[in-house]
Amino acid sequence: MKGNRFFEQFDYHELLGILENHGILSFYHQRASELQVSLFVDPYGIHGINHARRVLMLALILSFLNGLGQKDKDILVLAALYHDIGRTHNGRCTVHGEHSYKKMVKLNLVPAMEPHELILLKYIIENHCIEDDRAFKNAEQFHTDRHRAIELLKLLKDADNLDRVRLGDLDVRYLRTPYARQLVTVAEMLFQEISQVEEDTCNKVLEFSGDRFCSRCGGIHIRNAQEAMQVAEAFGIGLVLDTCYCEECGCARVGDAIKILYQKIMETPDNPLGARARAIDEIRLRRAKYYN
């Protein structure tokens with residue numbers, strides 16, 4: 001990361017307190033809940049649902065710090081939510097903005113808006129992935145308030161670029177707005193916290209087994225069967241735990257049921273653990289091998 005220490009940074013927790021007092025955090029949770037993994041080709045990739053959540057939060061912070069009016073804020077929020085849903089891969093791409101807007105229209109994700117606001121939304125989504133000089137020049141083709149359009153585009157681009165902290169290649173000198181340059185630390189903390197939610201969920205699934213593997217057969221002791229059922233239920237997966245007993249050592253185990261659970265998670269695309277289930281399963285198998 002380059003240049004971030006040249007700019008005074010906002011205190012993350014102090015800023016969150018201010019945002020909470022203004023109702024922005026609750027508004028964030030409300031709008032973030034609209035995101036569905038089915039919108040993304042790679043929902044848990046670098047441009048997936050968690051990236052969209054962080055860009056939404058950063059866009060809300062920037063709109064607050066820059067004193068945006070309600071209409072401009074609404075446009076920026078929609079753009080932040082859906083700016084990458086048109087992606088077909090995670091590489092460099094200058095056309096996915098156009099595809100994202102078309103997908104929004106096709107899926108009825110664009111609410112009723114004034115015609116000139118609709119043009120602004122279309123402009124900033126389509127041009128967020130285009131280099132600045134060309135993107136700013138493109139504003140002339142949209143027959144809208146050029147200054148307003150470019151300022152909104154800068155905010156979306158900065159919210160998007162701030163989340164490059166997840167890639168480790170953010171250069172603050174290329175951020176376009178003064179407040180964005182002071183949000184690097186906030187972006188880093190958001191990346192850690194929003195990623196940690198996913199990590200905590202995965203750890204919760206691993207709590208089925210604890211460290212209580214059968215030393216001979218690798219089966220999972222039955223004491224956690226109820227926990228497994230409860231967590232599976234929380235993820236909307238119906239699971240009947242048929243317990244069995246190891247013929248060699250006689251310990252109760254639910255190894256087969258856990259395998260069924262992971263299989264069902266992997267087969268459920270809308271499940272928040274879907275993309276990581278295979279990795280979790282590998283961890284479980286390694287742990288079972290260790291205790292075997």
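The values are calculated or read from the model by the stated rules, or taken from the named source; none is laboratory data. Just so it is clear, the structure is predicted and the values come from calculations on it, not from any experiment. Here Cβ is always computed from backbone atoms with ideal geometry, including for glycine, and neighbour counts include all displayed protein chains.
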(message) Yes or no: the stretch 65-83 includes at least one residue that is among the polar types (S, T, N, Q), under 21 Å from residue 139 (Cβ atoms) and out of contact with any Cys (no Cβ under 8 Å at 6 or more places or on another chain).
(response) yes
(request) Have a look at 140, 151 and point out the one that is surrounded by fewer than 22 Cβ atoms within 10 Å (Cβ to Cβ), farther than 18 Å from residue 94 by Cβ, acidic (Asp, Glu) and modelled with pLDDT of 95 or more. (result) 151
(request) Identify all residues within the stretch 154-200 that are within 18 Å of residue 52 (Cβ to Cβ), modelled with pLDDT under 90 and not in a helix (DSSP H, G or I); write none if there are none. (result) 167
(message) Among the listed residues 75, 49, 61, identify the single one that is buried (at least 18 other Cβ atoms within 10 Å of the Cβ), touching a residue at least 12 places away in the same chain (Cβ under 8 Å) and within 14 Å of the chain's Cα centre (by Cα).
(response) 49
(message) Here is a list: 69, 91, 3, 86. Which entry is over 25 Å from residue 108 (Cβ atoms), modelled with pLDDT of 95 or more and out of contact with any Leu (no Cβ under 8 Å at 6 or more places or on another chain)?
(response) 69
(request) Give the residues of the stretch 99-113 that are out of contact with any helix residue (DSSP H, G or I) (no Cβ under 8 Å at 6 or more places or on another chain) and either exposed (fewer than 15 other Cβ atoms within 10 Å of the Cβ) or within 20 Å of residue 144 (Cα to Cα) (or both), sorted by residue number. (result) 102, 105, 106, 108, 112
(message) Restricting to the stretch 31-66, count the residues that are among the polar types (S, T, N, Q), within 19 Å of residue 107 (Cβ to Cβ) and assigned to a helix (DSSP H, G or I).
(response) 1
